[in-house]
Each structure stands twice: as structure tokens, then as C-alpha cells.
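K.L.:
Sharing a structure below in C-alpha cells format, with a few things to ask.
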Protein chains: 2
Amino acid sequence: MTDYLLTLRFDGRNFCGYQIQNTPNGEKRTVGGVLKKALISVFGSVEKLSGCSRTDSGVHATAYRVSFSADKTLPDDTVIRALNANLPDDVAVFECRTVSPDFHARYSVASKKYEYRIYTSPVRDPFKNGLFLHYPQKIDAEMLNASCRDFCGTHDFSSFMASGSKIKDTVRTVYDASFYSPCENEYVFSVTANGFLYNMVRIMVGTLLEIQSGKLPVGCIPSIIEKKDRSFAGFTAPPDGLYLFEVRYDKY
Amino acid sequence: MTDYLLTLRFDGRNFCGYQIQNTPNGEKRTVGGVLKKALISVFGSVEKLSGCSRTDSGVHATAYRVSFSADKTLPDDTVIRALNANLPDDVAVFECRTVSPDFHARYSVASKKYEYRIYTSPVRDPFKNGLFLHYPQKIDAEMLNASCRDFCGTHDFSSFMASGSKIKDTVRTVYDASFYSPCENEYVFSVTANGFLYNMVRIMVGTLLEIQSGKLPVGCIPSIIEKKDRSFAGFTAPPDGLYLFEVRYDKY
């Protein structure tokens, strides 16, 4: 068996997330679902197919990672070309490498980086629909960037986890968090951590936007973290602006 | 009656162009069609509704212009807000102004500028699907930019018009044409003229790409123009990368 690691980009607007979902009404359209079909076309069969994280409906990825095993050994370029010929237009594989048998796209993760994109022009932009959060208000990027520093470090992030989540270990280490404007009317929240709780980035963004709007006070993040209670943080920002941007591994 | 001029952006991927089209199978989904419905919701009725140009299926606009008359006089901001509330996500009005009764979005045009966007990365990009031409080859932007100069000036552009067009006056003045790379793996052909023949920009792009690939010789454009025969120019590039970028008027 050969173990492979793929890197892919997908426009999440027409996907119900990554995770394959079978329902009484049939299989939902997921990235994992279309990828599995393409892998079977190319490799015949695959084993240990694993995505690096669950992503919600409408969430995008510029560098999602998937690992799997197959009994065929094909050159990396051949795998990329053959899979892309079998994948729909809204997902593409752009890297392939072989990895050791104990590698796992999810369990071997060292860090993940997410980006959340916002635009503030008064009128909505048809080309950004579903790809950015439209927030037609003034944003003080410098102030929000200063607030971001309070996310950094090792904390219990229960307050920034969707209520109802069953995960028990809610401690994560945020290595970096920043808020900046790459060009006029556009803003990016960028956050890197060893792992993320369910909806964590989207609740961080909602909290920052409530600090911006004055609903939450500047400097509130440490006390929200301290509460370990979802109800103290801001709203859950919609999936539109969220991109899984980078996944790092210490060894392959 | 009040005469209005609107500026709008649209993502053309799910539109059969601007022009309203009624077929035996019902009305096609056009920008003009959805706009007319929104105008009727806001103004009750409108007259003299005119787009600045026909655009083909799949062609985009960053600043399309539409003029119309209505018996209601509403503030510009109100028109923008009300129309956007009645338009689908892939089209938005971002400017509105009143104009003189003899103004016409199409007949009053002084110049139009189109952009054609190309990307060359080896693997297709899900976020550029339908918005760029994917051309996974090396492009020499400097060489193509030099070739662009041959388009400039007043010429009979019959060779750059879709065969079968019924237009008789095929002389147009190209004020500016350039080919450049705004960032790695991306290229833009930009062309400004007093008017364009049917498929003219797309045939210009196809011709430049055949110069790039060596199928047509460097320096061939003046002789192709001279032939006044469509068969001597390059292929018609697909609509994906084409944007109506700017329309200028001398007076309103």
C-alpha cells in the first residue's frame, strides 16, 4: 500500500462541508463525497481516507489536506491530473505527496490557519457573494488587531465553542491572531492554532465585530475566555467569509 | 418623467447575457430581465429601458450602464437600496444619477473599456472557475503588449467580428490596448474603443494567444486587419474572462 497526502482548494458555496453525509434522502453533496468518487475512478479503491478537519456548509479552503492509502503507486503529477479530470469545477487538487503509513491528515496536524474575509463597501458585491461577509460599516482594523492579541496563548476556549458540542478537552493554543486590511474596504481576520473547537473562528469574528459595534467593550476578550460560557461571546459569523488557509505537519 | 442612469456589477455565470430574451420555453434568465422586474417593483412602471451594450452569456460586468425613465422621482440612494433589495445576489446597482431626457445608455456612449482575465497556474482554481480563462501555458506579457499596439487607431475590424454579424459599419477606433500581469500567474488584456463589433474582444484575445503559442506570427495583426476576413484572425476566446469594465459618456 502507498500512503498519499493531497492538498486541495474548494469553493464551499455548493458543498455541505467536507464530511461525507448519507441521509434518508440520499447522500448530500460534500467535498469528501466527490473526492471519494474521483479517488475510486483513479485508484480502484482507497483505504483510510481522512480529511484534516470537518468544515461546515459554505466554508471554503485554499489548502485542505486529505490522506489515504491505495495499492497503486502513481507519480504525484499523474495523481493530480487524473483526480482533477474526475472532480467538479468547484474543487481541485494542487499538491500530492507520499507519506509514511502512520501519517494521518487529521491526527498528525501541528497547526492550522484560518482566514475570515470581510468587505465593507456600502453596496454588496456580486463577485464576493458567499465568499466574504458583507459588513457595510466602518471597521477600525488597528483596534481589532490589538484585541486579537488577547486570543493568543493556551486557554480554555469553551466560550468560543458552539453550545451543544460534546468535545471535553476545550483547551487550545492560539499561536497567532491578527486583523488587517489588505486593500480598501476589505478586512481579514487570520488565526493560527494547534486546533480549533466547533465554530471557534466564527465566534471569534462575531465577538470582534461586536467590539467594533460597541455591543461588547474593548478589552473584553480575557474576561469572556475566563467565563467558559458561550453566552458571553459574540454572535457566530456566517460561514461565507471562512477559509481553511493552511495546515502544517511536523513530519510526513 | 425623470430619466435615470444606473451603474451595475454582475457575475455573468448564471445569466444568458443582458438582453431580455423570450423563447417558446419561457423567458431566459437575463440581467435585463431581473432588472426590469426590480424596476417595476420600485417604480411601478418604467419606459425607455436600455442597456449600454448586449453582453453574451457568461460575460461579466464591473460597471454596466442602464438608462430608463419613470414618473417617480426618488433620491439616488433610495433607488440603489430599493433595487438591490429586489435583485438577486449576482447583480447589484452601485450608482444612480438623473440624466437629461435625450440621454441613452447605448447611443450616448463615448467609449467602452473591456478587460479579459487569464490565469496560467498549472492546476485550475475553483475560485476562478467561469471568472477567468484558464490557460496553463507560459505567457510573454511584454511581447503580447507590444502586439496590442497594432490594434490601436481607426480600422475596419471586420476580421475581428463574429462571422454572420449583420452590422455594416465595421470601422471602430481603439483608443488603447494593453496586456499586463497584475500578479503572478494572472494576465489582463485591457482594451478601450468607441465601440466594439460582435465578439471583437474575444477574437482579439484568441489572436493574441495564437501569437503566444506560435500558431500566428509575431507582428501579424496589421495584416489580419487588412484582410477584412474573420478566418485570418485567431479563435474566439470563451466568455469566462470577459468583463465590461467601464463606459464613458461625454455628457449626461
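The values are calculated or read from the model by the stated rules, or taken from the named source; none is laboratory data. Keep in mind the model is a prediction, meaning the values are calculated, not measured. As a convention, Cβ positions derive from the backbone with ideal geometry for all residues, glycine included, and neighbour counts pool all protein chains shown. The area values use the complete protein model at the heavy-atom level, side chains included, leaving out ligands, DNA and RNA. Shrake-Rupley method; radii C 1.70, N 1.55, O 1.52, S 1.80 Å.
K.L.:
Please go through region A:213-240 and give me each residue that is open to solvent by less than 40 Å² (accessible area, probe 1.4 Å) and either under 17 Å from A:Arg172 (Cβ atoms) or in contact with an Asp or Glu (Cβ under 8 Å, 6 or more places away or on another chain) (or both), ordered by number.
P.N.:
A:Leu216, A:Ile221, A:Ile224, A:Ile225, A:Ala233, A:Gly234, A:Pro239
K.L.:
Can we say B:Ser50 is out of contact with any Cys (no Cβ under 7 Å at 6 or more places or on another chain), more than 14 Å from chain A (Cβ to nearest Cβ) and in a strand (DSSP E or B)?
P.N.:
It is true that B:Ser50 is out of contact with any Cys (no Cβ under 7 Å at 6 or more places or on another chain), more than 14 Å from chain A (Cβ to nearest Cβ) and in a strand (DSSP E or B).
K.L.:
I need a count of the residues in region A:90-112 that are outside any strand (DSSP E or B) and either more than 14 Å from A:Ala61 (Cβ to Cβ) or more than 14 Å from every other protein chain (Cβ to nearest Cβ) (or both).
P.N.:
Count: 9.
K.L.:
Can you tell which of B:Tyr175, B:Tyr249 is hydroxyl-bearing (Ser, Thr, Tyr), open to solvent by 60 Å² or more (accessible area, probe 1.4 Å), more than 13 Å from B:Phe157 (Cα to Cα) and in contact (Cβ under 8 Å) with a residue 60 or more places away in the chain?
P.N.:
Of B:Tyr175, B:Tyr249, the one residue that is hydroxyl-bearing (Ser, Thr, Tyr), open to solvent by 60 Å² or more (accessible area, probe 1.4 Å), more than 13 Å from B:Phe157 (Cα to Cα) and in contact (Cβ under 8 Å) with a residue 60 or more places away in the chain is B:Tyr175.
Residue-wise test of (1) in contact with a strand residue (DSSP E or B) (Cβ under 8 Å, 6 or more places away or on another chain); (2) closer than 21 Å to A:Gly58 by Cβ; (3) outside the structural domain of A:Glu115 (by TED's automatic domain parsing); (4) free of Cβ contacts under 8 Å to residues at least 12 places away in the same chain.
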| site | (1), (2), (3), (4) |
| --- | --- |
| A:Ser213 | no, no, no, no |
| A:Val218 | no, no, no, no |
| A:Ile224 | no, no, no, no |
| A:Lys228 | yes, no, no, no |
| A:Phe235 | no, yes, no, no |
| A:Tyr243 | yes, yes, no, no |
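K.L.:
While we're here: Tally time: how many residues in region B:1-21 are within 19 Å of B:Pro239 (Cβ to Cβ) and in contact (Cβ under 8 Å) with a residue 60 or more places away in the chain?
P.N.:
Of the residues in that region, 8 qualify.
K.L.:
Can I ask one more? Residues in region B:7-44 that are assigned to a strand (DSSP E or B) and either more than 16 Å from the chain's Cα centre (by Cα) or of a type in the set (Asp, Glu) (or both): how many?
P.N.:
Here the count works out to 4.
K.L.:
Moving on to the next point. Quick one: in region B:1-37, of everything that is closer than 16 Å to B:Leu74 by Cβ and away from chain A (no Cβ under 14 Å), which residue is surrounded by the most Cβ atoms within 10 Å (Cβ to Cβ)?
P.N.:
B:Tyr4
K.L.:
Among strands (runs of 3 or more DSSP E) lying entirely in region A:141-252, which contain 3 or more residues that are at pLDDT 95 or above and under 19 Å from the mean Cα position of the chain (by Cα)? Steps first, answer last, please.
P.N.:
On the way: elements: A:153-156, A:171-183, A:186-193, A:242-249.
The qualifying strands (runs of 3 or more DSSP E) are A:171-183, A:186-193, A:242-249.
K.L.:
I would also like to ask the following. For the subset of region A:63-77 comprising residues that are within 14 Å of another protein chain (Cβ to nearest Cβ) and within 18 Å of A:Asn194 (Cα to Cα), which member is surrounded by the fewest Cβ atoms within 10 Å (Cβ to Cβ)?
P.N.:
Selected residue: A:Ala63.
K.L.:
Being under 21 Å from the mean Cα position of the chain (by Cα), farther than 22 Å from B:Cys16 by Cβ and open to solvent by 20 Å² or more (accessible area, probe 1.4 Å) narrows it down to one residue among B:Glu95, B:Glu47; which is it?
P.N.:
B:Glu95
K.L.:
Another question, if that's okay. Quick check on B:Val201: is it in the same structural domain as B:Thr120 (by TED's automatic domain parsing) and open to solvent by less than 20 Å² (accessible area, probe 1.4 Å)?
P.N.:
yes
K.L.:
Something else about it: Quick one: what pairs do we get from region A:22-44, first residue acidic (Asp, Glu), second modelled with pLDDT of 95 or more, C-beta under 8 Å, 6+ apart or different chains?
P.N.:
From residues that are acidic (Asp, Glu), the pairs are A:Glu27/A:Gly33.
K.L.:
Does any residue of region A:122-133 turn out to be among the basic types (Lys, Arg), free of Cβ contacts under 8 Å to residues at least 40 places away in the same chain, within 14 Å of another protein chain (Cβ to nearest Cβ) and buried (at least 17 other Cβ atoms within 10 Å of the Cβ)?
P.N.:
Step one: filter region A:122-133 for residues among the basic types (Lys, Arg), giving A:124, A:128.
Cutting the leftovers down to free of Cβ contacts under 8 Å to residues at least 40 places away in the same chain gives us A:124, A:128.
Right, trim to within 14 Å of another protein chain (Cβ to nearest Cβ) and you get A:124, A:128.
Checking the rest, the ones that are also buried (at least 17 other Cβ atoms within 10 Å of the Cβ) come to A:124, A:128.
Checked region A:122-133: at least one residue is among the basic types (Lys, Arg), free of Cβ contacts under 8 Å to residues at least 40 places away in the same chain, within 14 Å of another protein chain (Cβ to nearest Cβ) and buried (at least 17 other Cβ atoms within 10 Å of the Cβ).
K.L.:
Quick check, is A:Gly58 at positive phi, not assigned by TED's automatic domain parsing to the domain that holds A:Ser223 and not hydrophobic (A, V, I, L, M, F, W, C)?
P.N.:
For A:Gly58, the condition - at positive phi, not assigned by TED's automatic domain parsing to the domain that holds A:Ser223 and not hydrophobic (A, V, I, L, M, F, W, C) - is met.
K.L.:
Also, quick follow-up: Out of region B:188-212, which residues are aromatic (Phe, Trp, Tyr) and out of contact with any helix residue (DSSP H, G or I) (no Cβ under 6 Å at 6 or more places or on another chain)?
P.N.:
Within region B:188-212, the first condition is being aromatic (Phe, Trp, Tyr), and the residues that meet it are B:189, B:196, B:198.
B:Phe196, B:Tyr198, listed by residue number.
K.L.:
Among the residues of region B:134-158 satisfying the criterion of being acidic (Asp, Glu) and touching a residue at least 24 places away in the same chain (Cβ under 8 Å), which is surrounded by the fewest Cβ atoms within 10 Å (Cβ to Cβ)?
P.N.:
B:Asp140
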